[in-house]
Amino acid sequence: MLDSNENDMAVESTIVGDTISSLLPFLNGFPQEATQEIFDDLFEEEDFDQGEQQDVDNVTLPKSRNTYERMPKEESNFYRRYLASETIKANASNPDHPKGKEFRSLFGVPFDVFELLVNLTLEKGWYNPERRDAGGRKCHDIRLLILGCLCTMASNATSVANQSNTNISCKCHSVFHTFWVSKMSEIKDEFIKMPTDQESLENAASEFENSCNLVGCVGSMDVVKIGWNKCPSSLVP
């Protein structure tokens, strides 16, 4: 049996593994590696070149950029509904609250798993929240970008729909989605794996039996709920 701390770590690993496994189908059609050069475009999606140079009376001027005003994130739908205050976040974190049920239905994961994914992204150094684009603007809120990714996977939302819900451009969502899914795929083996020895096998089986009453189960993927209608009568509690 696992002690309390080990059990929490095992459950957290299983949750992240389930989430990462749900990302893998979205790699189809994407580049094998999301390079930093692609990711750099994320911070300049609203900057439009006016040309490599401008010739005026035979004088070469440096290229210039037009920077368009962003809509405040605080006015976006996702921010107002799930991030605007501690009370709202607490309701979204409660699986029995209507807000918590709405969040799980829309994004496919509980609110605490969403926060875990945000922290994981920052801890891995995949996103610098202090970075600024060519116009001097601070980069987008990582929480809204990840909500866009989750909404695409759970609810088949388009990048345009995510733009409408986050006030972040559809191009930015598209670029970040490709980058983030690729990065999550790189660490899948840390969370998605079979037991490697008898002890880990027995620990996994005990955890599923105690928490889910599933005898002989040693793993799960993609948070799929399967009815077990062929269970031997001898195993029925």
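What chymotrypsin sites (Phe, Trp or Tyr not before Pro) does region 68-160 have in DSSP loop regions with at most 15 other beta carbons within 10 Å?
Y68
Just report the Cα centroid separation between region 179-197 and region 77-102, whole Å.
Centre-to-centre distance over Cα atoms comes out at 29 Å.
Please report, to two decimal places, log10 I(q)/I(0) for region 123-178 at q = 0.16, 0.17, 0.26, 0.29 Å⁻¹ as given by the Debye formula with identical point scatterers on the Cα atoms and no solvent.
-0.47, -0.53, -1.07, -1.21
Which value in nm describes the separation of the simple spin-label points at M194 and A84, placed 7 Å from the Cα toward the beta carbon?
So the label points at M194 and A84 sit 5.0 nm apart.
Using unit Cβ charges (K, R positive; D, E negative) and no other charged atoms, how large, in debye to the nearest 20, is the dipole of region 135-228 about its Cα centre?
Its charge dipole is roughly 880 debye.
In whole Hz, what ³J(HN,Hα) sequence does region 115-126 give by Karplus (6.51, -1.76, 1.60; θ = phi - 60°), x for Gly and Pro?
5, 4, 5, 4, 5, 4, 4, 6, 5, 6, x, 7
Summing Lys, Arg as +1 and Asp, Glu as -1, what charge do residues with Cβ under 10 Å from the Cβ of D141 carry, D141 excluded?
+2
Write out the GluC sites (Glu not before Pro) in region 92-163 meeting two conditions: DSSP loop, and at most 16 other Cβ atoms within 10 Å of their Cβ.
Taking region 92-163 and a limit of 16 other Cβ atoms within 10 Å, the loop GluC sites (Glu not before Pro) found are E130.
Each value in this text was obtained by applying a stated rule to the coordinates, not by laboratory testing. These figures come from a predicted structure and were not determined experimentally. With ideal geometry, Cβ positions are generated from the backbone for all residues, glycine too; neighbour counts draw on all protein chains shown.
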